[in-house]
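**Student:** Below are the structure tokens for one structure; questions will follow.
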Amino acid sequence: MMNWRVPLSDIKFGKEEKDAVQAVLESGWLTMGSVTQNFEEEFKSYTGAKHALAVSNATVALHMACIALGLRPGDEVIVPSLSFVATANCVRYTGATPVFADINGENDLTISLASIQSLVNHRTKAIIVMHYGGYTCDMTGILEWARSQHLPVIEDAAHAVGSYLDNKHLGTLGVAGCFSFFSNKNLSTGEGGMIVTNDDAMAEKFKLLRSHGMTSLTWDRHQGHAWSYDVVDTGYNYRIDEIRSALGREQLRKLEHFNSRRREIATTYRNLLADLTPEITVPFRDHPGISAHHILPVLLPAGTDRLSFMERMKEQGIQTSIHYPPIHLFTSFTDRNIKSDLPITEDIARREVTLPLYPLLTDDQVDLVAHAVRSSLT
Ligand SMILES: *Cc1c(COP(=O)(O)O)cnc(C)c1O
């Protein structure tokens, strides 16, 4: 493993996390218990969602949202191509087809409403949006138009824990919001996730899907057969465990603090890069809402050799990444009948580089990265 001077992301757990995990181990109760219930309650009050269910990861949360909408082969779901592949795979799990929409432009890398509108037809059954970097999509415009078309909107909120629009937490605006607690996300449990909804029927469905389609003990007692359980749906095992929930609860307590440090760092980058490298675009300038600042994307000037740029950053000990190789260009997605025409996504995906951003980053390190960007450009 390379010893980076500045890695792309980094975490350090404190005594709080260690104590919480140890308490679970000592309790001997490892799954489906009160720690997870408490984590869900705390996540509900943090986001303002009516229901929150902790799950194994965000990919299964997205899958459950797609199942709950009744998606089937022949259906189409409009998704952004500039996202992680799970945003599209979840549609495929149901047999339905993801149809890729373009993004807004250089300053706004989220899904474009105009592009969504151009793709809708009688087969379209839903829209999945993704709040890139924690910056909100045009939720006001998208939700208003989707409502007029009777199309549900699922939010891939993997980047957006601690993101808001008009004081509402992202992920709580559509029919379901899917959060990721993967290692490099703002709230980290290693693997883990949460699905939120304000819809009671959806929440019931998610509860069944998460645990084998099995009715709960209380429900069975109500039906007069508490000695057993019934299976009423094709369910999965998409549960989280108490160890991860314990980590999640401690991380949630620290989240606002961590996110405000991310915000500071993002502002410092923005100012430094504006001075040092005005030819570089830092998207989401003056973006609406409050971002969780999950990542820091920058756009190299057209014609820059990105690979050499990243190589020169690496020589200076600085790790960079790409968010994202567009999904519609992956082998698994090119060999289909649906042709994608996404000029903005393809242009931006060629020029995007992600710089290190995490709460532990010091101001000196940010300065080092910004100067390395300058020297790597020339
Ligand atoms: C991380 C991520 C996911 C998947 O999350 P997991 O918890 O790893 O399944 C989905 N969508 C986006 C945009 C992500 O960044």
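**Student:** Name the long-range amide H neighbours of D108: under 5 Å, sequence gap of 5 or more, or other chain; modelled H, no Pro or chain starts.
**Tutor:** Under 5 Å from the amide H of D108: F284.
**Student:** Between 0 and 90 degrees, rounded to the nearest ten: what's the tilt of helix 306-315 against the longest Cα principal axis of the chain?
**Tutor:** 90
**Student:** If each DSSP helix of 4+ residues adds -39,500 (n - 2.57) and the sum is divided by the residues in the chain, what number results at 222 nm, nearest 500 deg cm²/dmol?
**Tutor:** After summing the helix terms and dividing by residue count, I get -12500 deg cm²/dmol.
**Student:** Angle check, please: helix 58-68 long axis (alpha carbons) against the longest principal axis of the chain (alpha carbons), in degrees 0 to 90, nearest 10.
**Tutor:** That works out to roughly 50 degrees.
**Student:** Tell me which residues come under 5 Å, amide H to amide H, from D75 once H is placed; ignore anything under 5 positions away on its chain.
**Tutor:** Long-range HN contacts for D75: T97.
**Student:** Express in whole angstrom the spacing between the alpha-carbon centres of segment 311-355 and segment 13-30.
**Tutor:** If you average the Cα positions of each part, the centres end up 39 Å apart.
**Student:** Rounded to whole Hz and in sequence order, give me ³J(HN,Hα) for segment 146-153 from the Karplus expression 6.51 cos²θ - 1.76 cosθ + 1.60, θ = phi - 60°, writing x for Gly and Pro.
**Tutor:** Using θ = phi - 60°, the values come out as 4, 4, 5, 9, 6, 10, x, 10 Hz.
**Student:** Compute the angle between helix 363-377 and the longest alpha-carbon principal axis of the chain, please, reported from 0 to 90 degrees and rounded to the nearest 10.
**Tutor:** Its long axis makes an angle of about 60 degrees.
**Student:** Next question. Report the Cα centroid-to-centroid distance between segment 114-188 and segment 35-77 in angstrom, as an integer.
**Tutor:** Centre-to-centre (Cα) distance: 13 Å.
**Student:** Please report the antiparallel percentage of DSSP beta bridges with both residues in segment 143-265, rounded to the nearest 5.
**Tutor:** Numbers: 8 of 12 bridges.
Antiparallel: roughly 65 percent of the beta bridges in segment 143-265.
**Student:** Moving to a separate point now. Antiparallel as a % of all DSSP beta bridges within the chain, to the nearest 5?
**Tutor:** Close to 60 percent.
**Student:** While we're looking at this one, here's another question. Could you calculate the contour length gain from E264 to W227, that is, 0.36 nm times the residue separation minus the distance between their Cα atoms, to one decimal place in nm?
**Tutor:** Details: separation 37, 0.36 × 37 = 13.32 nm, distance 5.57 nm.
Going from the current span to full extension adds 7.7 nm.
**Student:** Would you mind computing Rg(Cα) / (2.2 N^0.38 Å) for segment 1-88, counting N as its residues?
**Tutor:** 1.53
**Student:** Search the structure for amide H atoms under 5 Å from the amide H of T281, placed 1.01 Å from N in the peptide plane, and list their residues when 5 or more places away or on another chain.
**Tutor:** L299
**Student:** How would you rank 282-290, 60-68, highest first, on the average number of other Cβ atoms within 10 Å across their residues? Could the numbers behind the result be given before it?
**Tutor:** On the way: 282-290: 16.3, 60-68: 25.8.
Peptide ranking by packing, descending: 60-68, 282-290.
**Student:** I would also like to ask the following. Considering the dipole of the chain built from charges on the beta carbon (Lys and Arg +1, Asp and Glu -1) around the Cα centre, which of A176, H294, N259 is farthest to its positive end?
**Tutor:** Result: A176, furthest along the dipole toward the positive end.
Where a number appears in this text, it was derived from the coordinates with a stated rule and is not lab data. Bear in mind that the values here come from a model prediction, so they are computed numbers and not experimental data. Here Cβ is always computed from backbone atoms with ideal geometry, including for glycine, and neighbour counts include all displayed protein chains.
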